[in-house]
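The values are calculated or read from the model by the stated rules, or taken from the named source; none is laboratory data. Keep in mind that what you see is a predicted model, and the values were worked out from it rather than measured. When we count neighbours, we look across all protein chains shown, and the Cβ atoms used for this are built from the backbone with ideal geometry, even at glycine.
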Amino acid sequence: MIGSKISKRYAKALLSIGREDGNYEEYGKNLREFADFCTSSPEFYRVISSRIYSGEERGGVLDWALEKSGFAPVVKNFLRLLLEKNRIGAIAEIADYYEKLTDEIANIARAEIITARPIKEDTLGRVKQALTGLTSQDVKVQIREDASLIGGIIVKIGDLVLDGSVRAQLEGLKESLKRGEYT
Amino acid sequence: MIHLGRTTKKRALLLGCALFCVLATYGLAIAGGHGGGHDDARTVDLIYRFINFAFLVIILVVVLKKTNAFGFLAKRREEIRQEMEDLKRRKEAAERRYKELEQKFKEFEVQRAQILEQYKAEGLAEKEKIIAEAKERARQILAQADRTIEREILEAGARLKRQVVEAAAERAREIISAKLDDNDQDNLIKDFIERVEKLH
């Protein structure tokens, strides 16, 4: 909880700078890119986040990676600050919260769509349109497949969950039968 | 048993000696009488015997006086009388004690009978109480058993129903999984979209 609060503070600070210079979207992309890089390179992430190594060693590794990146100088300095304050381990959390803040600014809602089978492009477009109408926000979707749904989809937008799966319908039918609603 | 003192023993001994002398004199007289005529001899013999008897009586009286046999006998009589009175008192006391004990025994018998009656009554009451409690307990056990049976039946029914529903749902899932194709998926998503649009 404390770590989460601190992550939010760092994300808000970077967003504040980004809104002042008008580059907050670029900063968000840089943060996301760096967070994804850390996820895909666990050895790199382990080196820069572990206190087993000295600050100079970790700083050297981070600088080496940043030199090869095309990140904005503000983002580079921000990441060096995180390393210095031993908060680089929370980079994924900071990037997530930064995206959430930028989405609010851009009136964007992020939706996770879980589907039993691949969705056709036109069907996905209709789903996005329906969700945009529901949230009155521009909806960005992330799709994940889960065969246990049997059929249909589940949509998660923030705390809202819309379950249109066959699995949910079967569960509902089962509970109704157990309650004796069909006897 | 009569116990004789030392003085009494001496007197008895003296009395015995005197008797011995009298008997000896009497014997000599009899022996001397065998030498005369037949009738005279019998008369003389009678006289001698009389005299002899008189001496005997005198000697006996003297001896008895000397030895204070009368006093001894009187004292002995007095002792026996006192002993008799004592025995009589003891007998009376024993009889009183016997009557007291007999009375107590009767009272004890009465009390015993009362206690027995009381114990019988209490035992009977206790028996009735135990029987009543046992009946009540049996009734409770039976009622509890009935409730348990009813509950078990309901639970078994519910369990069976759940199993049937689970089996039916699992079978439905298998059938739907096997038969559901892309068109069905599109239709499901279409339904989903319609429901979402109704929420607008």
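Observations
- Residue in the stretch B:158-176 that is closer than 27 Å to A:Leu131 by Cβ and more than 60 Å from the chain's Cα centre (by Cα) present: yes
- Extreme residue, modelled with the highest pLDDT, among residues of the stretch A:116-136 that are hydroxyl-bearing (Ser, Thr, Tyr) and over 11 Å from B:Asp186 (Cα atoms): A:Thr132
- The one condition in (1) within 25 Å of A:Lys12 (Cβ to Cβ); (2) at pLDDT below 95 that A:Lys76 fails to fulfil: (2)
- Within the stretch A:129-183, considering residues that are basic (Lys, Arg) and surrounded by 17 or more Cβ atoms within 10 Å (Cβ to Cβ), the one farthest from the other protein chains (Cβ to nearest Cβ): A:Arg167
- In the stretch A:53-106, the residue that is nearest to A:Ser4 (Cα to Cα) out of those that are touching a residue at least 12 places away in the same chain (Cβ under 8 Å) and outside any helix (DSSP H, G or I) is A:Arg87.
- The number of residues in the stretch A:109-127 being over 30 Å from A:Tyr97 (Cβ atoms) and within 11 Å of chain B (Cβ to nearest Cβ) comes to 7.
- Qualifying residue in the stretch B:189-200 (condition: more than 7 Å from every other protein chain (Cβ to nearest Cβ) and farther than 26 Å from A:Ser176 by Cβ): no
- Pick from the stretch B:169-180, criterion facing chain A (nearest Cβ under 7 Å) and assigned to a helix (DSSP H, G or I), ranking: nearest to A:Lys178 (Cα to Cα): B:Ala169
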